[in-house]
Every structure is written in C-alpha cells, then in structure tokens.
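Chemist: Before I ask anything, let me first share the structure, which is written out below as structure tokens.
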Amino acid sequence: MISTFIQLNPLQLTFYSAALLAIVASLKVITGKNTVHALLYLVVSLLAVAVCFYLMGAPFAAGLEVIVYAGAILILFVFAIMMFGLGQDETLHAPNIDGSKVNKFNLWFGPFLLALLLLIELVYAINSGEVQAKLTSNTIDAKQVGMLLYGPYLLAVEIASFLLLAGLIGGYHFAKPEGVGLDRKKDLGEHG
Amino acid sequence: MIAIPLSHILILASILFVIGFIGVITRKNTLFILMSLEVMLNAVGVAFIGAGSAWQQADGQVMFILILTLAAAEVALGLALLIQMQRRFKSLDIDNLSKLKG
C-alpha cells in the first residue's frame, strides 16, 4: 500500500489529495448542524473540485468553477440565509465546550484547515516543474471550448439562455412579498 | 496521454454523487437538501470533465458550462421557493410541504 503510494508521480499525488479534501468537505456539508458552517464547507468542496479540474487539464473549467459556483451561486445561498435570519441564534444551540472563545475557534478551524491544505497543493502544483510539464501536454484551453460552444452547440447555448430567463422570472415571482401584484384590483378599488 | 486514469476520476465522481444523494434523502432542512443537490451536480461535472480530458475533446467542458447554467437557474428558483416556505410555515422543514393543497 505504501509502496504504491510512493510510486505515484507528483501530479497524481496532488490530484488524489485534492479529491480526498473534496470528499471530506462534502461529508461535512451533509452532516453539518449549522447552515453557515455547512456553506463554508461547501465552498471548500467546490474549491477542491476546482483544483481537481486544473490537474485534469481543464484550467478554464477550474476558473469557471471558482467564479460561478463558489463566487456567485454560494453568494445566493448566503443572501438567502441572511433573509431567513438563521445566522442569528444558531451558534447558541451548538454544543458549547469551554466558553465562547474556544467554541468560536472550533467553528472556523475546520474550513480554514481544509482551505489551507488546498492552497498548499495549488502552490505546489503551479511551482513544480514536473507537474507543469505533465499538464501542458494535455491541456484543453478556453479557445477550443469557445469554438465548440458557438459552433455545434449554439442551439444548446440558446436553450440555456431561455433557462436562465425562466429562472430570473420565476425567482422574481416566487420571492415577491405576499400580496404584491396579486390584488391590484382591490388596491385600485380602495384608492379610486 | 492523461496522467490520471479515467476510472479513478469516475470513482471520485460517483463518491461525490452518492454523498450528495445521501444528503438529499436524509436531511430534513430544505436548505441542506439544496446544498446536497449542488454537490450532486458538481459530481456530474467532474465526470464530464474527466471524460473530456480522457478523450482530449472540449465537449466535456461545454457540457460542464451547460450544467453550470442549469445549477444557477435551479438555485435561484429553489431559494425563491424556500423564501416563500419560510414566510408561510416559519420553518424550513421539508415535512411541512406535505400540507400543501392546490
């Protein structure tokens, strides 16, 4: 077991540790008690998957994963949690071990440690000549993706834009406060 | 030639997918169900990118971008529905949704 572990080249070693981090972070997401902390672990999981993408030879997808998933979709979650007001008292219900200071330290320590490990991996992967030599031989860059996206897949792009429009309208409709726009007739009747 | 075997990438994708699926079927908080759905969609993305890099084609990344837009639309609608749910039931428990009637 250990001998096979040593035989791995640096690229594989980095990939497998990033995969392990992604799995651990995902497990923490689904077992978490506090929503905000589960969200932090979800961010770490997405970043770990982004490192995996980079090592698989898809730097464009890795960038999109960080920008769109970790940057935009997770911010939506944060906004929703702020609207629910769940962030206020939930830490009070968490098991308090030794006073508030230690407890607070425990809360941010897990995601911090996982993200730090990811950072070390990424710096190592960028810095190591061996990994870079292996990566450049089989990288698919953004140009190839763009040629495909606006060539054979043009119809799919149009359909995706319909989907986003439907999401926009649906989100506006569902999240509207109760009664706004529903009983306009009554409002008009009262005022006029 | 790719340095990481495709089978290992697919194993990673299936582990992540199963973790997300377990989250979807075991959690009661709807917000956690949405997060687990994100993990599942992400696992599908891993499978697509891995297959794309194994065959040295860009199609995998195109599919990943389409999944990304799908995830964005799904989260926007899901969170809007969650806001409605919080407003009506004052909780995010999925069991409340069995009280819905048309």
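Chemist: How about the stretch B:1-90: which trypsin sites (Lys or Arg not before Pro) there are in a DSSP loop, with at most 14 other Cβ atoms within 10 Å of their Cβ?
Modeler: B:LYS28, B:LYS90
Chemist: Report the far tail of the P(r) of the stretch B:32-102, meaning the percent of Cα-Cα pairs longer than 18 Å.
Modeler: I get 53 percent for the Cα pairs in the stretch B:32-102 exceeding 18 Å.
Chemist: Here is a further query. Under the definition of partner shielding as Cβ atoms of other protein chains within 10 Å of a residue Cβ, what is the mean value for peptide B:37-50?
Modeler: Neighbouring Cβ atoms belonging to other protein chains average 5 per residue here.
Chemist: On to the next question. With respect to the cross-link table entries A:LYS28/B:LYS99; B:LYS28/B:LYS101; A:LYS28/B:LYS90; A:LYS33/A:LYS176; A:LYS33/B:LYS101; A:LYS28/A:LYS134, which display a Cα-Cα separation exceeding 24 Å?
Modeler: A:LYS28/B:LYS99; A:LYS28/B:LYS90; A:LYS33/A:LYS176; A:LYS33/B:LYS101; A:LYS28/A:LYS134
Chemist: Hey, what angle do you get for helix B:59-89 against the long axis of chain B, alpha-carbon based, 0 to 90 degrees rounded to 10?
Modeler: Approximately 10 degrees, to the nearest ten.
Chemist: Taking K and R as +1 and D and E as -1, what net charge do the other residues with C-beta under 15 Å from the C-beta of A:TYR69 add up to?
Modeler: That sum, taken over residues with Cβ under 15 Å, equals -3.
Chemist: Using R₀ = 45 Å, calculate the FRET efficiency as 1/(1 + (r/R₀)^6) where r is the Cβ-Cβ separation of B:GLN56 and B:LEU100; round to 0.05.
Modeler: My answer for the efficiency is 0.40.
Chemist: Okay, moving on. Mind listing the phi-derived Karplus ³J(HN,Hα) values for the stretch A:42-53, rounded to whole Hz, using 6.51, -1.76 and 1.60 with θ = phi - 60°, and x for any glycine or proline?
Modeler: So the Karplus estimates, Gly and Pro as x, are 5, 4, 4, 4, 5, 5, 5, 5, 5, 4, 4, 4 Hz.
Chemist: Give, as a single signed number, the net charge of other residues whose beta carbon lies under 13 Å from the beta carbon of A:ALA22, with Lys and Arg counted +1 and Asp and Glu -1.
Modeler: The answer is -2.
Chemist: Moving on to the next point. With a cap of 14 neighbouring Cβ atoms within 10 Å, and only residues DSSP puts in a loop, list the chymotrypsin sites (Phe, Trp or Tyr not before Pro) found in chain B.
Modeler: Filter output for chain B: B:TRP55.
Chemist: Still on this structure, I have one more. If you add up the charges near B:ILE49, with Lys and Arg at +1 and Asp and Glu at -1, over every other residue whose beta carbon is less than 14 angstrom from its beta carbon, what do you get?
Modeler: -3
Every read-out reported here was derived from the displayed coordinates using simple, explicitly stated rules and does not represent laboratory data. Worth saying up front: this structure is predicted, and the values here are computed from it rather than measured. Because the Cβ atoms are built from the backbone with ideal geometry, glycine has one as well, and the counts that use them run over all protein chains shown.
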